Protein chains: 2
Amino acid sequence: MIDRLGLDGEYREAELPLLIRRAGMAEWTGDRVRILDRKHLPHDERYLDCLTVEDVARAIETMTIQGAFTLSIAAGYGLALATPDRPLANLDEQVDLAAQRLGRTRPTGLALKRMLAAASAAAKDAARAGSNPRQAVIDIADRAAAALARQALATARHANSLLRNGDEILTHCFADRSFVYTLLEARRTGKQLHVFCSETRPYLQGARLTAPSVLQAGHRATVISDGMGGFLMQQGRVAAFLTAADRVCLDGTICNKVGTYQYAVSARTNNTPYYVLRQSGPDPESHDAKDIHIEYRDEESMLSYNGTRTAPEGVRGLYPAFDITAGEFVRSIVTDRGVFAPGNIRDYFAAPPSVPDAVV
Amino acid sequence: MIDRLGLDGEYREAELPLLIRRAGMAEWTGDRVRILDRKHLPHDERYLDCLTVEDVARAIETMTIQGAFTLSIAAGYGLALATPDRPLANLDEQVDLAAQRLGRTRPTGLALKRMLAAASAAAKDAARAGSNPRQAVIDIADRAAAALARQALATARHANSLLRNGDEILTHCFADRSFVYTLLEARRTGKQLHVFCSETRPYLQGARLTAPSVLQAGHRATVISDGMGGFLMQQGRVAAFLTAADRVCLDGTICNKVGTYQYAVSARTNNTPYYVLRQSGPDPESHDAKDIHIEYRDEESMLSYNGTRTAPEGVRGLYPAFDITAGEFVRSIVTDRGVFAPGNIRDYFAAPPSVPDAVV
C-alpha cells in the first residue's frame, strides 16, 4: 500500500511548500484532473478542472502547469480521461490518439514520453485481462507521483550534504521537487540558507514559484534579474549554483531552462560550484548535445509582458526555451543514487536504485 | 559657429533615430528644459517640461531620461534653471546648491560631474565678468551636446571598421549615441546588420529603446531575454558583442549595466569579440575596479513588473545597477581616438583628440 504522498511519513503533506504537495501539482478527483494554475501564482491559488485530454494538453501548453516531472503526472491522469472503464473495441486507438496529443505538448520531454508509454501499456494490458483500463492508468500515475517524491527526497539528501549552514546559493527558474526537498532537508539538519532566485524571463518562475517556495521551506529568498547572477558570483556572494535539468546526456552535457548556460560559464570562471539536480539520472538514449533538440517557443513572449507590448512593430523576438551546458562547466550531477562528476554520470546505471518502482 | 546638432552636415537631424536627435535627449527652450520621457517609449512620444532644478533631478532619478552622457546634457540645462541672467550676490551659493542636487542623482556619473563643474565655473566666471551667467551655462551645455555628437560619430567610424556586412551582433541595455551612429555608419557603408537586443530588466531598455533605434537606423532587431545571449554565442550566432560603458578604468576594467559581465565571460569562452564603445576614453581618476562604487537601487524594481507585483510578501530584491568586467574579457575598447586593447587604454591620452572642445 503506497501512501498518497509517497514519502512514507518522512514529511506530512501539510508542512510541504504548496508546489510539491499533490494538490500543488495534479490530482485525480474521481472524474477529472485538478491542476493548480501556476500562471496566477503567487497571488491567486486557482485550480483548473480538466475534463478532457485537450484540457490537460492546453494546460501544459499554456504553462498552467510546468516542470518536466510534474507535468508528466498531469499527462498520466489526462490519459485516464480518454480511457474507458471497461474493455472496448477501439480502446487501443483511443488511448494512442490521446497519448499522441499529450506527447506533442513537450516534444523534448522524456519523463512525459515515459509516463505516456507506461500508462498506455497499462490500459491495454488491463483491457486484455478484462479489468478496468481507466483504473490501471490512474494507478500508474499515482505510483509515478509517489515514486517521484521519494526519488526527489533521496536526491535532496545528497544535495544537502554539499551545503553548509549560512550558505548563499543561486538558482534559476523553478528547480522543482528535488530543490525544494533540499531546502527542507537543509532546515531539518539545522542549516539556514539564503537563496538568490533569478526571476527567469519570460514567465518569471523565479519570482513567482521559487521565491515563495523558499520562504515556505523556512529560508530567505531574494529575487534578482537574470543578468545579475554572474556579478554576485564575482563578488563572492554565491556559495553554490543549483538548478534542475530537463535532460542529462551520457557525456555529462545538461539541458535546462535558457539562462543556465551563462550562469554555468560564470560559475566556472569564478570557481563557484555548479550542482545539477537530476533525480532520475541521465537519459540512456541521449549521448551528447547532438541528441538535444532545442524548442523555440512563441516570439511574442519576448515582445510583451502581462498583456502590454514592450517592443514596437517590426521588432522580432527569439525564444529558445532551453540551453545546453557542457559537463566541463558542471561540478557535480546530484541524483537519487548519489553525486556524480559529469564525466562519470554513466555510473548512475550501475548504482543501486533509490526507488524500486520508478515509472518516469 | 557650431550647428545645433554638432555634426557639421554629416547627418541631417531628421534622418537620425529619435533618441539621438536633440529633441530625443534634452533641449533648452527659452525658459525650460524639455526632455523626451523615455519611460513611455516606444508607444508614446511624450515630453516633460522642467521648470526647476528639482524637476530635472527627478527626471533623472525616475529614468525619464537615461544614459550617462545624455542625462549630463539635461543636467547642464537644469543648472541654467537655477542660474540668474545677471550677476547677483548669492549666485555662487545658488549655483553650488543646484549642482549638488543634480550631482546626487547619479553618484557614479563622471560625465555628469564634469558637466556640472564646467557649467558652474562658466556661471561664476560670467558673473565676475559682468555678463549673463545663465546664458553662459546654456552655451556650455550646447557646446557639450554638439561635441558629444561629433565624438560619438568618430567612435562609430572606428567601431564600424570592426563589423562586416551581414553580421549578427548582440548588445545589452541602450548603448546610446556611439552605438546608434555605428549602425548609421554601417548602413552608409553598405552593411546590413541584425542586432540581438537583450531586453534588459528591470527597465527593458533593450526592447523599448535599443530595438526601435536599430529599426530606425535601417537594420533588423530581435529582442531576447537577458538569459539568452550566451547561448546565442555558443550557437555561433553572434559575430560581436557591443556595449557602451559607464566607466573605463586605466587598467582596462569596465563598468556597465548589470548583465554585461556575464555576457563578457560567455564571449571570452566562445571566442566572440567584445567591443566596448566609450567615446571619451578612460577616466583618468579610476585606476582599477577598487575605484568603482556600484550603485544598488530600489529593490522594489525586482519585485514587480509593469506595476504588477510578481513576488509575494516577505521576498526581498537586490538590484545592483552596474557590474564590473575585467579587461581580460574585453577584446577592444573603441573610442573617438581609435581602437585600444584594454591593457593599452592609457594610450588614449597621447592620441590626438577627435573634438577640440569636449566638455564632459
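Springs between Cα atoms under 10 Å define the GNM used for chain B, and in it the highest mean-square fluctuation of B:29, B:70, B:62 occurs at B:29.
When both segment B:312-360 and segment A:136-176 are represented by their alpha-carbon centers, they are found 44 Å apart. Mean-square fluctuation check for chain B, GNM, Cα pairs under 10 Å: which of B:275, B:47, B:305 is largest? The residue that fluctuates most here is B:305.
Between residue A:63 and residue A:291, residue separation times 0.36 nm minus the direct Cα-Cα distance comes to 79.6 nm. Relative to the current alpha-carbon distance between residue B:100 and residue B:15, full extension at 0.36 nm per residue lengthens the span by 26.9 nm. For segment B:143-264, the Cα gyration tensor yields ellipsoid semi-axes of 21, 18, 14 Å (square root of five times each eigenvalue, largest first, whole Å). Between residue B:187 and residue A:164, the FRET efficiency estimated from the beta carbon spacing at R0 = 56 angstrom works out to 0.50.
Can you list the residues of segment A:122-140 with backbone N under 19 Å from a point 7 Å past the Cα of residue A:88, pointing along Cα to Cβ? Those under the cut-off are A:122-139. Pairwise inverse Cα distances across the protein assembly as shown, averaged and inverted, put the Kirkwood hydrodynamic radius at 27.4 Å. Across chain A, the relative contact order, built from alpha-carbon pairs under 8 Å that are at least six residues apart, equals 15 percent.
Using θ = phi - 60° in the Karplus curve 6.51 cos²θ - 1.76 cosθ + 1.60, the 3J(HN,Hα) couplings for segment A:325-331 round to 10, 5, x, 4, 8, 10, 6 Hz; x is entered for Gly and Pro.
Altogether, the Stokes-Einstein calculation at 20 °C and 1.002 mPa s, with the Kirkwood radius of chain A over Cα pairs as Rh, returns a diffusion coefficient of 103 µm²/s. The mean count of C-beta atoms from other chains within 10 Å of the C-beta of residues in A:295-301, rounded to a whole number, is 1. In nanometres and ascending order, the distances from the residue A:10 label point to those of the other copies are 6.6 (point 7 Å from Cα along Cα→Cβ).
Over segment B:154-350, the fraction of Cα-Cα pairs per 10 Å bin, rounded to whole percents and listed from the shortest bin up, is 10, 36, 36, 16, 3, 0.
Distances from residue A:37 to itself in the other copies, using label points 7 Å out along the Cα-Cβ axis, amount to 3.3 nm in increasing order. Compared with the dominant Cα axis of chain B, that is its longest principal axis, helix B:68-81 is turned about 10°. Ordering B:188, A:177, A:101 by the number of other Cβ atoms within 10 Å of each residue's own Cβ, fewest first, gives B:188, A:101, A:177. Derived scalar couplings between HN and Hα for segment A:204-212 equal 6, 4, x, 6, 8, 10, 5, 4, x Hz in order, rounded to whole Hz, by the Karplus curve 6.51 cos²θ - 1.76 cosθ + 1.60 (θ = phi - 60°), x for Gly and Pro.
In terms of overall dimensions, segment A:13-152 has a Cα radius of gyration and Dmax of 14.3, 47 angstrom. Distance between the modelled labels on residue A:49 and residue B:43, one decimal in nanometres: 3.6 nm (7 Å Cα→Cβ projection). For chain A, the longest principal axis of the alpha carbon atoms and the long axis of helix A:91-103 meet at an angle near 20°.
Between copies, residue B:54 shows label-point distances of 6.1 nm, shortest first, with the point placed 7 angstrom from Cα along Cα to C-beta.
From most to least packed by mean Cβ count within 10 Å, the peptides A:192-198, B:206-212 give B:206-212, A:192-198. The count of lysine pairs in the protein assembly as shown whose Cα atoms are under 28 Å apart, excluding pairs fewer than 8 places apart on the same chain, comes to 16.
Read-outs: derived from the displayed coordinates by stated rules, not from any lab. The shown structure was predicted, so the numbers you read here are calculated from the model rather than taken from an experiment. Neighbour counts are summed over all protein chains in view; Cβ atoms, including those assigned to glycine, are modelled from backbone coordinates with ideal geometry.
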